[in-house]
Number of protein chains: 2
Amino acid sequence: MASSPDLYAFVRGEIVPLTRAYLHVSDLAIQRGYGIFDYFRVHETQPLFVEDHLDRFYESARLMQLAVPLTRAALHEVILELARRNDLALSGIKILLTGGYSPDGYTPTPGEASLVLIQQPLTMVEQAAVDCGIRIMSHEYVREVAQAKTINYTMGIRLIQRLQETGLDDVLYHQQSVVSEFPRSNFFIVRQDNTVVTPAENVLFGITRKKVLQLASRRYPVEEGPVTLMDIWQAKEAFLTNTTKRLLPVVELDGKPIGTGKPGEVTLALLAAFQELEQAELHVVRL
Amino acid sequence: MASSPDLYAFVRGEIVPLTRAYLHVSDLAIQRGYGIFDYFRVHETQPLFVEDHLDRFYESARLMQLAVPLTRAALHEVILELARRNDLALSGIKILLTGGYSPDGYTPTPGEASLVLIQQPLTMVEQAAVDCGIRIMSHEYVREVAQAKTINYTMGIRLIQRLQETGLDDVLYHQQSVVSEFPRSNFFIVRQDNTVVTPAENVLFGITRKKVLQLASRRYPVEEGPVTLMDIWQAKEAFLTNTTKRLLPVVELDGKPIGTGKPGEVTLALLAAFQELEQAELHVVRL
């Protein structure tokens, strides 16, 4: 972020240069890791699926007992204003809401939540990752308050070093072999009969996940329910979904191939359908 | 904190007025709730049990793969310098180490951890709380990376509202009836035979806990091991320990009295012994 000196951010009611976007150390994000966020892509000045992201942002705030200091309409206006000022070709906006400045460093002060918006240039996943698929490991862990997009990524960040050491691409969380999600992505398998399945318990409900479920249900059987590690090795295909990666084929888990060990046709068909949906969405908004 | 305009803090290498103690929003505490801390009392300019707290601080940093940007001797010097500048009668110093400024908001940059020290006036627990004891509820939860003093207090803060609604004083975490700790304190029981017992699994090893175990072992049988909810109701006494409360009697759990429902003699004897130890420690350091 320090390398983007011309960008603007929104901090506690004001648009300021990103280089001057600071929070006081009494903020409960700093003192107690207490906060939620959301993140979406912006194409030129058009935020993608912004209504879905705002739905989720307000729901995360509710689950964490945080009051968003702006109405939804006013927040939407700040998003558009920031996008206009920063004027980036392809970017991501993060909306962050923390417990705010707290005199005792523990108790939230009503009405004091800190709302911060940051916009940064975005590079989408490389085509090579789609062509080759990614290799992952499993790790036993369940996120706290999984339905809320909290800022708690303690486990994900602690695992970065292990990924670097092993050369693997991501970590899939499971509890007693029942899988949930990646630190920042949802997970899907495609069974041998082309049923598209994604976990529904202990997961954050991703916006890409939601769109893929809708698209998949038009052409395949779809299930939201338990997926075990064994189910994955018996599956025909697997993929992850998130805002910056869209759909990314997963071809290996814990050193064992999934399906043929190559990106599968259902995955690639859903990726193509998702990209069409994106284009349609951006086109509609543009009119 | 905003109400203490004359105090100084230490932020990323510099002593600055507390009112100007800010971190950039790219800091991994703000982005991802990633950080650790420690907290100790300071009497005039004498930090209490500071070597124990520094041991734990460096151990928390190690467990969370964070490099403290100062040697232990240099950090100790910063603590003393801050205490001299702020010159408070009774205070607490918090040493906070976060994942630091991160260009992508996720990956720690080696050597970029943010070290922050904040000192604030401290009011010790009121005598009435010692005289009456406190009433607590149980809640099923285990802290992540419990041996590290991380900044993740998501659950503790979410439970503040329930405590306010019920008028209870604190929440004791348990997993399937095996208790661990409070959000910010350790827990002890005294069995009918005067054995002093404290959980040893899934707890942060408090400095007051350590001192109380040492003091207790001189006069009572002592155990570090499993404590169940049932053990608590069958106990003679119970108490919590932490830096600002020392020992505080716990007289009721989930609406049912513990022992006689009044502060017990072993608890009060240990509190007196702990206060003597404090005085001796401050006296020795002063010489």
If you scan the range A:7-29, which residues turn out to be in contact (Cβ under 8 Å) with a residue 24 or more places away in the chain and more than 9 Å from chain B (Cβ to nearest Cβ)?
-> A:Leu7, A:Tyr8, A:Phe10, A:Arg12, A:Gly13, A:Ile15
Mind checking which pairs have a first residue in the range A:197-213 that is more than 18 Å from A:Val178 (Cβ to Cβ) and a second that is among the acidic types (Asp, Glu) and not in a helix (DSSP H, G or I), Cβ under 8 Å, 6 or more apart or different chains?
-> A:Leu213/A:Glu224
Here the qualifying pairs (Cβ atoms under 9 Å; residues six or more apart or on different chains; first in the range A:249-269 and in a strand (DSSP E or B); second among the hydroxyl-bearing types (Ser, Thr, Tyr)) come out as A:Pro249/A:Thr267; A:Val250/A:Thr267; A:Val251/A:Thr260; A:Leu253/A:Ser138
In the range A:214-248, what residues are free of Cβ contacts under 8 Å to residues at least 60 places away in the same chain and of a type in the set (D, E, K, R)?
-> A:Arg218, A:Arg219, A:Glu223, A:Glu224, A:Asp231, A:Lys236, A:Glu237
If we scan the range B:39-50, do we find a residue that is free of Cβ contacts under 8 Å to residues at least 40 places away in the same chain, of a type outside the set (Phe, Trp, Tyr) and surrounded by 20 or more Cβ atoms within 10 Å (Cβ to Cβ)?
-> yes
Right, B:Leu70: within 13 Å of chain A (Cβ to nearest Cβ), of a type in the set (A, V, I, L, M, F, W, C) and under 26 Å from A:Ile157 (Cβ atoms) or not?
-> no
Any idea which residue in the range A:5-28 is surrounded by the most Cβ atoms within 10 Å (Cβ to Cβ), counting only those that are hydroxyl-bearing (Ser, Thr, Tyr) and more than 19 Å from A:Tyr106 (Cα to Cα)?
-> A:Tyr8
Could you grab me the full set of residues in the range B:79-111 that are more than 19 Å from B:Leu23 (Cα to Cα) and within 12 Å of another protein chain (Cβ to nearest Cβ)?
-> B:Gly92
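Identify, from the list A:Arg72, A:Arg32, A:Arg85, the residue that is in contact (Cβ under 8 Å) with a residue 40 or more places away in the chain and in contact with a Leu (Cβ under 9 Å, 6 or more places away or on another chain).
It is A:Arg85.
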So is B:Gln120 surrounded by 14 or more Cβ atoms within 10 Å (Cβ to Cβ), within 9 Å of another protein chain (Cβ to nearest Cβ), within 25 Å of B:Arg41 (Cβ to Cβ) and of a type outside the set (A, V, I, L, M, F, W, C) or not?
-> yes
For the range B:150-195, the count of residues that are touching a Leu at 6+ places or on another chain (Cβ under 8 Å), β-branched (Val, Ile, Thr) and within 12 Å of another protein chain (Cβ to nearest Cβ) equals 2
Does A:Gln65 count as over 18 Å from A:Ser91 (Cα atoms), facing chain B (nearest Cβ under 8 Å) and surrounded by fewer than 23 Cβ atoms within 10 Å (Cβ to Cβ)?
-> yes
Only one residue in B:Thr241, B:Thr208, B:Thr267 is assigned by TED's automatic domain parsing to the domain that holds B:Met137, touching a Pro at 6+ places or on another chain (Cβ under 6 Å) and not hydrophobic (A, V, I, L, M, F, W, C), so which one is that?
-> B:Thr267
Regarding A:Gln127, is this residue among the polar types (S, T, N, Q) and within 21 Å of B:Val25 (Cβ to Cβ)?
-> no
Can you tell me which residues in the range B:186-196 are surrounded by fewer than 23 Cβ atoms within 10 Å (Cβ to Cβ) and within 17 Å of B:Val250 (Cα to Cα)?
-> B:Arg191, B:Gln192, B:Asn194, B:Thr195
Could you list, in sequence order, the residues of the range B:201-227 that are assigned to a loop (DSSP other than H, G, I, E, B) and within 19 Å of B:Leu54 (Cα to Cα)?
-> B:Val203, B:Leu204, B:Phe205, B:Gly206
Only one of these is touching a helix residue (DSSP H, G or I) at 6+ places or on another chain (Cβ under 9 Å), of a type in the set (Ser, Thr, Tyr) and in the same structural domain as A:Ile232 (by TED's automatic domain parsing): A:Thr150, A:Thr166. Name it.
-> A:Thr150
B:Val145 passes all but one of the listed conditions (1) surrounded by fewer than 20 Cβ atoms within 10 Å (Cβ to Cβ); (2) more than 10 Å from chain A (Cβ to nearest Cβ); (3) within 16 Å of the chain's Cα centre (by Cα); the exception is number (2)
Quick one: is A:Ile160 touching a residue at least 12 places away in the same chain (Cβ under 8 Å) and not polar (S, T, N, Q)?
-> no
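The values are calculated or read from the model by the stated rules, or taken from the named source; none is laboratory data. In this text, all values refer to a predicted model and were calculated from it rather than measured experimentally. Positions of Cβ are backbone-derived with ideal geometry, glycine not excepted, and every protein chain shown enters the neighbour counts.
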